[in-house]
Amino acid sequence: MMNEVNKVLYIVLAIFLGSFGVHKFYARKPVVGLIFLVFCWTAIPHILAIIGAIITLFKPADENGNVLV
């Protein structure tokens, strides 16, 4: 399921709070967000969040600055 989110806000949340899955909660994906939160003590969620931020960076935004994630 793809959800439309603000591109800049999603990237900022993924970079700074990605370890806790905040960007996934923002994208209305609470199950994935909870998985990120459970494993926040490891580096894995933060690495995945950085990769997700980079992928989102290269997605074209619509006229409102939103992307599908």
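Observations, loosely collected:
Residue-by-condition table, conditions (1) in a helix (DSSP H, G or I); (2) surrounded by 13 or more Cβ atoms within 10 Å (Cβ to Cβ); (3) modelled with pLDDT of 95 or more; (4) within 10 Å of the chain's Cα centre (by Cα):
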position	(1), (2), (3), (4)
LEU13	yes, yes, yes, yes
ILE50	yes, yes, yes, yes
ASN64	no, no, yes, no
VAL67	no, yes, yes, no
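Yes or no, residue by residue, for (1) assigned to a helix (DSSP H, G or I); (2) surrounded by 19 or more Cβ atoms within 10 Å (Cβ to Cβ):
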{"site": "MET2", "(1), (2)": "no, no"}
{"site": "VAL5", "(1), (2)": "no, yes"}
{"site": "LEU9", "(1), (2)": "yes, no"}
{"site": "GLY18", "(1), (2)": "yes, yes"}
{"site": "HIS23", "(1), (2)": "yes, yes"}
{"site": "LEU34", "(1), (2)": "yes, no"}
{"site": "CYS40", "(1), (2)": "no, no"}
{"site": "THR56", "(1), (2)": "yes, yes"}
{"site": "ALA61", "(1), (2)": "no, no"}
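- Pairs, first over 17 Å from MET1 (Cα atoms) in region 25-43, second at pLDDT 95 or above and of a type in the set (A, V, I, L, M), C-beta under 8 Å, six or more apart: PHE36/LEU48; PHE36/ALA49
- Within region 8-20, residues that are in contact (Cβ under 8 Å) with a residue 12 or more places away in the chain reach partners that are among the aromatic types (Phe, Trp, Tyr) and in a helix (DSSP H, G or I) with beta carbons closer than 8 Å, at six or more positions or on different chains, in the pairs LEU9/TYR26; TYR10/TYR26; LEU13/TYR26; GLY18/PHE36; SER19/PHE36; PHE20/PHE36.
The values are calculated or read from the model by the stated rules, or taken from the named source; none is laboratory data. Note that this is a predicted model, so its numbers are computed, not measured. Neighbour counts run over all protein chains shown; Cβ positions are idealised from the backbone, glycine included.
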